[in-house]
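As structure tokens, the structure follows; a few thoughts come after it.
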Amino acid sequence: QVRLVESGGGLVQAGGSLRLSCVASGKISHTWAWFRQAPGKEREFVAGIRWNGVSTTYTNSVKGRFTISKDDSKSTVFLQMNDLKSEDTAVYYCATALSGRSIITRNAYDFWGQGTQVTVSS
């Protein structure tokens with residue numbers, strides 16, 4: 001079992017920055033990701049990182065603005081979000097997969113956090 005706890009969400013003006021954190025406890029995982037879900041929309045992939053900390057993937061709308069990273073010593077995954085836009089407003093979820101399946105597919109992930117709200121005002 002893996003327990004994930006997110007933090008770092010909040011209200012920010014357009015163009016601002018936030019850093020989300022996801023602290024994990026339990027089994028060692030292979031892949032980590034951030035997803036988000038806006039009101040009335042499906043949960044979508046945002047960014048993912050493999051166990052080696054080198055292989056990362058981003059959805060096109062956040063490339064160049066968001067950075068995913070991890071600190072194994074703290075069992076923590078981060079999502080640095082810069083130049084935030086109103087369309088980034090959503091609940092952000094941390095997820096992890098025990099095996100190296102598709103990094104962008106929601107069903108590939110075994111464990112999820114409770115989510116943290118990010119609201120960007122224009």
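The values are calculated or read from the model by the stated rules, or taken from the named source; none is laboratory data. Note that the structure is a prediction, hence the values are computed from the model and not measured. When we count neighbours, we look across all protein chains shown, and the Cβ atoms used for this are built from the backbone with ideal geometry, even at glycine. Protein only, heavy atoms only, side chains kept; ligands, DNA and RNA dropped before computing areas. Shrake-Rupley method; radii C 1.70, N 1.55, O 1.52, S 1.80 Å.
In the chain, what % of DSSP beta bridges are antiparallel (nearest 5)? Don't skip to the answer; put the middle values down first.
On the way: 39 of 43 bridges.
Around 90 percent antiparallel, to the nearest 5.
Express in whole angstrom the spacing between the alpha-carbon centres of region 1-72 and region 82-112.
Taking the Cα centre of each part, region 1-72 and region 82-112 sit 6 Å apart.
Output wanted: per-residue J couplings in Hz (rounded whole) for region 20-28, from phi through Karplus 6.51 cos²θ - 1.76 cosθ + 1.60, θ = phi - 60°, x for Gly and Pro.
8, 10, 9, 9, 10, 9, x, 5, 6
DSSP loop chymotrypsin sites (Phe, Trp or Tyr not before Pro) in region 17-93 with at most 16 other Cβ atoms within 10 Å of their Cβ, which ones? Walk me through the intermediate numbers first.
On the way: sites: W32, W34, F35, F45, W51, Y58, F66, F78, Y92, Y93; in loops: W51.
In loop regions of region 17-93 (DSSP not H, G, I, E or B), the sparsely surrounded chymotrypsin sites (Phe, Trp or Tyr not before Pro) are W51.
Suppose a student asked you for the relative contact order of region 45-92, using Cα pairs under 8 Å spaced at least 6 residues apart; what percent would you report?
Numbers: 47 pairs, mean separation 12.4, N = 48.
Answer for region 45-92 is 26 percent.
How much net charge surrounds Q1 when only other residues with a Cβ under 13 Å from its Cβ are counted (Lys, Arg +1; Asp, Glu -1)?
On the way: positive: R3, K27; negative: D110.
Around Q1, the charge tally is +1.
Based on the Cα gyration tensor of region 52-114, what are the three equivalent ellipsoid semi-axes, each the root of five times an eigenvalue, rounded to whole Å and given largest first? Before the final figure, lay out the partial values.
Working: eigenvalues 82, 43, 32 Å².
Semi-axes (√(5λ), whole Å): 20, 15, 13.
Around A38, under 10 Å between beta carbons, what's the net of Lys plus Arg minus Asp minus Glu among the other residues? All intermediate terms of the calculation are to be shown ahead of the outcome.
Working: positive: R36, K41, R43; negative: E42, E44, E87, D88.
Neighbour charge sum, excluding A38 itself: -1.
Rank D83, D71, D88 by accessible area, highest first, at a 1.4 Å probe radius?
Values: D83 80, D71 45, D88 0 Å².
If we order D83, D71, D88 from most to least accessible, we get D83, D71, D88.
Any idea what the relative contact order of the chain is, in percent, if you count C-alpha pairs under 8 Å spaced at least 6 apart? Could you put the intermediate results ahead of the total?
Numbers: 304 pairs, mean separation 44.0, N = 122.
For the chain, the relative contact order is 36 percent.
Near G16, within a Cβ-to-Cβ distance under 15 Å, what is the net charge of the other residues, with Lys and Arg +1 and Asp and Glu -1? Walk me through the numbers before you get to the answer.
Numbers: positive: R19, R65, K85; negative: D83, E87, D88.
Result for the neighbourhood of G16: 0.
Towards the positive end of the charge dipole of the chain, with charges on Cβ (+1 Lys, Arg; -1 Asp, Glu), say which of F35, G113, Q1 has the farthest Cα.
Q1
Taking the Cα centre of the chain as origin, work out the dipole magnitude from +1 charges on Lys and Arg Cβ and -1 charges on Asp and Glu Cβ, in debye rounded to 20. Could the numbers behind the result be given before it?
Details: 14 positive and 9 negative charges, 37 e Å.
Magnitude of the dipole: close to 180 debye.
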